[in-house]
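The values are calculated or read from the model by the stated rules, or taken from the named source; none is laboratory data. On a predicted model such as this, the values are computed, not experimentally measured, just so you know. As a convention, Cβ positions derive from the backbone with ideal geometry for all residues, glycine included, and neighbour counts pool all protein chains shown.
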Amino acid sequence: MNTDVRTAEAVVSEANRVHGLRFRLERRFDEGMQSGAWLLSETSTGRRAVLKWSASRSWTERTGQAARAVSKIRAAGYPTPQWLAVGTSASGYGYLVQEFTAGRSPDRVGAAEARLLVGLLETHAGLDPDPGRCWSRLVHEQTADRRDGLWQRAAATGATGRALVDVCGRLLAAHGPVELPTGDLVHGDFRPANILLDAGRVAGVVDIEALGSGTRAFDYATLLSAEGLTPDAVRTLRRAGEQVAGPGVLACCYAHVALDLTVFVHRHRLARGIRHTRTLLDRARLLLDHADGGA
């Protein structure tokens with residue numbers, strides 16, 4: 001932790017110097033998007049911001065590429081914080097400084113919260129920020145060949161992973177080949193932890209570095225994979241997601257999201273996430289039941 005503090009202070013100092021800012025480090029956030037992020041403030045004005053930094057080259061490259069796309073969607077009115085500085089420190093750490101947005105991520109998503117999120121997701125329609133980064137193409141590539149890659153890695157995680165692979169395979173077979181649309185904004189990690197609510201409205205959407213093109217059905221599928229959804233919320237999100245481009249597109253996106261998340265939580269040995277894979281399996285079964293004519 002002390003090393004993290006020293007690194008964060010060094011990154012802030014360099015960002016201030018390079019970009020003409022005057023922030024100082026306040027504290028590390030403990031939850032939501034703020035995991036691994038830091039609160040900054042200006043002593044003279046009280047202005048606050050958020051610092052994110054990483055030694056990962058892929059994160060640094062992705063963030064640099066995303067800056068123009070973030071400006072584009074903000075100009076269209078999308079509620080994501082302004083990026084104040086993006087760069088790489090002399091020590092090789094990529095960093096992002098963005099304005100602070102007040103609000104809390106919902107611990108539980110019920111019917112009311114689900115309706116708010118559907119309203120937000122529908123603003124993704126036609127708001128293509130970066131055709132060069134296409135989530136639909138990625139989903140097609142990783143769900144088309146089930147002999148290796150993502151499917152085999154998910155099956156190798158254990159009994160629940162093997163069951164998920166089986167149900168996802170049956171789910172895609174039930175719908176047959178589908179064409180995944182493009183042209184929408186895709187957040188890439190649209191989960192409750194990355195949505196800030198305040199006074200009954202969406203105050204901000206964060207952790208948007210992975211944004212790109214594709215179908216907003218992908219973000220619906222990601223939301224359907226989240227923890228803390230009530231049955232009413234699952235039903236609301238499923239129905240809205242299916243209306244985007246049909247139930248087959250939502251099913252294809254969900255298969256990718258569920259398998260990818262299963263691989264991720266096992267690779268990083270995240271106990272809570274590993275327990276949640278049973279819920280991922282249950283929701284895949286729900287989609288399969290619906291494809292087979294269930295209510």
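Summary of computed values
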{"item": "The stretch 43-71: number of residues that are closer than 28 Å to G126 by Cβ, buried (at least 16 other Cβ atoms within 10 Å of the Cβ) and of a type outside the set (A, V, I, L, M, F, W, C)", "result": "3"}
{"item": "Residue ID - surrounded by the fewest Cβ atoms within 10 Å (Cβ to Cβ), chosen from residues in the stretch 205-223 that are closer than 18 Å to L281 by Cβ and either of a type in the set (S, T, Y) or in contact with a Cys (Cβ under 9 Å, 6 or more places away or on another chain) (or both)", "result": "T222"}
{"item": "Single unsatisfied condition, D128 versus (1) touching an Asp or Glu at 6+ places or on another chain (Cβ under 7 Å); (2) acidic (D, E); (3) within 25 Å of A8 (Cβ to Cβ)", "result": "(3)"}
{"item": "Residue list for the stretch 268-283, filter: farther than 12 Å from G161 by Cβ and either in a helix (DSSP H, G or I) or not assigned by TED's automatic domain parsing to the domain that holds G149 (or both)", "result": "A271, R272, G273, R275, H276, T279, D282, R283"}
{"item": "Near pairs, Cβ below 9 angstrom, 6+ apart or cross-chain, from the stretch 135-164 (on the phi > 0 side of the Ramachandran plot) to any residue that is at pLDDT 95 or above and assigned to a helix (DSSP H, G or I)", "result": "G158/H266; G158/I274; G158/T277"}
{"item": "Residues (closer than 27 Å to K72 by Cα, assigned to a loop (DSSP other than H, G, I, E, B) and touching a strand residue (DSSP E or B) at 6+ places or on another chain (Cβ under 9 Å)) located in the stretch 107-150", "result": "H124, D128, P129, D130, P131, G132, R133"}
{"item": "Any hit, the stretch 210-231, residues being in the same structural domain as A174 (by TED's automatic domain parsing), more than 16 Å from the chain's Cα centre (by Cα), assigned to a helix (DSSP H, G or I) and not aromatic (F, W, Y)", "result": "yes"}
